[in-house]
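Remarks on the structure that follows.
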Amino acid sequence: MRILVTGGAGFLGSHLCERLLSEGHDVICLDNLFTGSKDNIIHLMDNHRFELIRHDIVEPILLEVDRIYNLACPASPVHYQYNPVKTVKTSVMGTINMLGMAKRVKARILQASTSEVYGDPQVHPQREEYWGNVNPIGIRSCYDEGKRVAETLMMDYHRQNKVDIRIIRIFNTYGPRMAENDGRVVSNFILQALKNEDITVFGEGRQTRSFCFVSDLIDGMIRMMENNEAFIGPVNLGNPVENTILEFAEKIITITGSRSRIIHQPLPQDDPKQRQPDITLAKEKLGWEPKITLEIGLQRTADYFATHCIRG
Ligand code: NAD
Ligand code: UDP
């Protein structure tokens with residue numbers, strides 16, 4: 001198939017492009033290189049079935065493809081809050097453009113939505129039918145509400161124009177090629193640990209997250225795109241193993257054998273207190289569940305950062 005991956009030069013997108021090429025597909029990576037980088041896809045550049053198009057999805061484009069994975073959007077709080085208006089435009093105008101293309105060329109389109117649609121959840125763990133608890137006017141809203149509208153657009157194009165859609169809600173995912181400067185907890189803690197610097201736990205560190213290794217997530221994403229049971233989602237994809245951020249910092253210190261100390265910094269506004277996916281639906285409909293343990297995933301990620309960021 002001819003497959004378009006928007007945001008293909010980013011963390012998840014680059015792993016997806018790599019996987020789709022290895023399965024024999026033609027892959028077009030479309031990216032404006034805001035948070036992504038050519039370094040993430042340099043190893044794919046001399047594959048004749050791979051193409052990079054530097055383009056912003058806020059502007060229309062027409063490509064003849066069979067599948068569209070719509071991943072383009074900054075994902076870390078530091079990056080999506082850098083230009084919040086642009087973040088909303090990317091989720092809203094960008095998703096309209098990709099849906100318009102899907103409608104025109106009759107491609108199936110998958111939207112990378114997020115656990116952030118549940119906001120600071122009052123239901124735990126989060127199931128797909130929960131409508132969430134999102135602040136519409138806070139500093140995370142440009143991302144959370146943008147992604148919620150993107151889901152709405154997907155459903156409306158499906159009902160109104162019969163576009164073939166799939167929606168996945170991705171929970172915190174980590175692994176090699178996370179941007180070292182994007183402020184996400186995994187990259188921050190691993191880099192701090194490798195340099196024996198203080199580990200910056202925000203608040204008391206009692207907030208929880210559940211971390212999924214990238215290879216597991218990509219596996220779930222492709223299964224969802226290619227399931228032919230007319231199951232359109234939304235479906236949660238994530239690892240249900242939940243840790244407090246403090247426990248997580250301690251695990252990273254142990255795995256890296258670091259001499260770092262844990263220090264506390266102020267908790268950012270609207271930081272969700274708990275997050276854990278209920279993946280019953282993904283298990284039932286896709287036969288999917290994560291396989292990589294946190295220990296193995298963190299070790300692989302630490303090895304990547306040690307090679308690419310510390311030793312240069
Ligand atoms: P990332 O920042 O590494 O990748 C996003 C990519 O999109 C980058 O390459 C960036 O340059 C590109 N991009 C941003 N705006 C664009 C635009 N207007 N036009 C074209 N390209 C644009 O982030 P990621 O972690 O790889 O996330 C990929 C997708 O998955 C995002 O949509 C994100 O919301 C979603 N997601 C990720 C996670 C996670 O834990 N990694 C969790 C939930 C959802
Ligand atoms: N966090 C932290 N120290 C850091 C970076 C993040 O304690 O240096 C916390 C953050 O407050 C949040 C959790 O780790 O509670 C996950 O943050 P991240 O930005 O990775 O993802 P998100 O909040 O979007 O889940």
- Item | Identity of the residue in the stretch 1-15, touching a residue at least 60 places away in the same chain (Cβ under 8 Å) and in contact with a Gly (Cβ under 7 Å, 6 or more places away or on another chain), that ends up farthest from Asp66 (Cα to Cα) | Gly10
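Name the residues in the stretch 108-150 that are of a type in the set (Ser, Thr, Tyr) and part of a loop (DSSP other than H, G, I, E, B), would you? Let's see the steps before the verdict.
Residues of the stretch 108-150 of a type in the set (Ser, Thr, Tyr): 113-115, 118, 130, 141, 143.
Result: Tyr130, single match.
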- Task: Please state which of the following conditions Asp56 fails to meet, knowing it meets all the rest: (1) more than 7 Å from ligand 1 (Cβ to nearest atom); (2) over 15 Å from the mean Cα position of the chain (by Cα).
- Result: (1)
- Message: Just to be sure I understand, how many residues within the stretch 246-256 are touching a residue at least 24 places away in the same chain (Cβ under 8 Å) and either of a type in the set (S, T, N, Q) or not in a helix (DSSP H, G or I) (or both)?
- Response: 1
- Message: So, in the stretch 51-90, exactly how many residues are surrounded by fewer than 15 Cβ atoms within 10 Å (Cβ to Cβ) and either closer than 17 Å to His25 by Cβ or touching a helix residue (DSSP H, G or I) at 6+ places or on another chain (Cβ under 8 Å) (or both)?
- Response: 7
- So which residues in the stretch 211-256 are at pLDDT below 95 and surrounded by fewer than 17 Cβ atoms within 10 Å (Cβ to Cβ)? Asn228, Glu229, Ala230
- Message: Residue pairs, Cβ under 8 Å, 6 or more apart or interchain, first in the stretch 99-127 and under 29 Å from Asp278 (Cβ atoms) and acidic (Asp, Glu), second part of a helix (DSSP H, G or I) and within 16 Å of ligand 1 (Cβ to nearest atom). List them.
- Response: Glu116/Tyr143; Glu116/Asp144; Glu116/Lys147
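Hey, does the stretch 227-234 have a residue that's touching a residue at least 40 places away in the same chain (Cβ under 8 Å) and within 22 Å of Gly10 (Cβ to Cβ)?
First, the residues of the stretch 227-234 that are touching a residue at least 40 places away in the same chain (Cβ under 8 Å): 227, 229, 231-234.
If we keep only those that are within 22 Å of Gly10 (Cβ to Cβ) too, we end up with 233-234.
Yes, the stretch 227-234 contains a residue that is touching a residue at least 40 places away in the same chain (Cβ under 8 Å) and within 22 Å of Gly10 (Cβ to Cβ).
Can you confirm whether the stretch 266-281 contains a residue that is free of Cβ contacts under 8 Å to residues at least 24 places away in the same chain and of a type outside the set (D, E, K, R)?
So the first thing to find is which residues in the stretch 266-281 are free of Cβ contacts under 8 Å to residues at least 24 places away in the same chain, and the list is none.
Among the residues of the stretch 266-281, not one is free of Cβ contacts under 8 Å to residues at least 24 places away in the same chain and of a type outside the set (D, E, K, R), which makes the answer no.
Kindly provide the set of residues from the stretch 273-296 that are in contact with a helix residue (DSSP H, G or I) (Cβ under 8 Å, 6 or more places away or on another chain) and surrounded by 13 or more Cβ atoms within 10 Å (Cβ to Cβ), ordered by number.
Going residue by residue through the stretch 273-296, those that are in contact with a helix residue (DSSP H, G or I) (Cβ under 8 Å, 6 or more places away or on another chain) are 275, 277, 282, 286-292, 294-295.
Passing the criteria: Arg275, Pro277, Ala282, Leu286, Trp288, Glu289, Pro290, Ile292, Leu294.
Looking at the stretch 91-102, is at least one residue under 17 Å from Ala9 (Cβ atoms) and surrounded by fewer than 19 Cβ atoms within 10 Å (Cβ to Cβ)?
Start the filter on the stretch 91-102 by keeping residues that are under 17 Å from Ala9 (Cβ atoms), which leaves 94, 98.
Those still in the list that are surrounded by fewer than 19 Cβ atoms within 10 Å (Cβ to Cβ) too: none.
So far as the stretch 91-102 goes, no, none of its residues is under 17 Å from Ala9 (Cβ atoms) and surrounded by fewer than 19 Cβ atoms within 10 Å (Cβ to Cβ).
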- Note on the structure: Going through the stretch 209-262 in order, the residues found to be among the acidic types (Asp, Glu) and over 18 Å from the mean Cα position of the chain (by Cα) are Glu226, Glu229, Glu247, Glu250
- What number of residues in the stretch 14-48 are away from ligand 1 (no atom under 11 Å from the Cβ) and of a type in the set (Gly, Ala, Ser)? 2
- Item | Subset of the stretch 162-212 that is away from ligand 1 (no atom under 11 Å from the Cβ) and of a type in the set (Asp, Glu) - its residue that is nearest to His308 (Cα to Cα) | Glu180
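Condition check ((1) within 12 Å of ligand 2 (Cβ to nearest atom); (2) more than 17 Å from Gly119 (Cα to Cα); (3) not basic (Lys, Arg)) across all residues:
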position: Gly138; (1), (2), (3): no, no, yes
position: Glu145; (1), (2), (3): no, no, yes
position: Met154; (1), (2), (3): no, yes, yes
position: Arg166; (1), (2), (3): no, yes, no
position: Arg177; (1), (2), (3): no, yes, no
position: Arg209; (1), (2), (3): yes, no, no
position: Ile218; (1), (2), (3): no, yes, yes
position: Met225; (1), (2), (3): no, yes, yes
- Message: I need the strands (runs of 3 or more DSSP E) fully contained in the stretch 1-64, keeping only those with at least 3 residues that are among the hydrophobic types (A, V, I, L, M, F, W, C) and at pLDDT below 95.
- Response: none
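The values are calculated or read from the model by the stated rules, or taken from the named source; none is laboratory data. Here the structure is a predicted model, which is why all the values come from computation and not from measurement. Because the Cβ atoms are built from the backbone with ideal geometry, glycine has one as well, and the counts that use them run over all protein chains shown.
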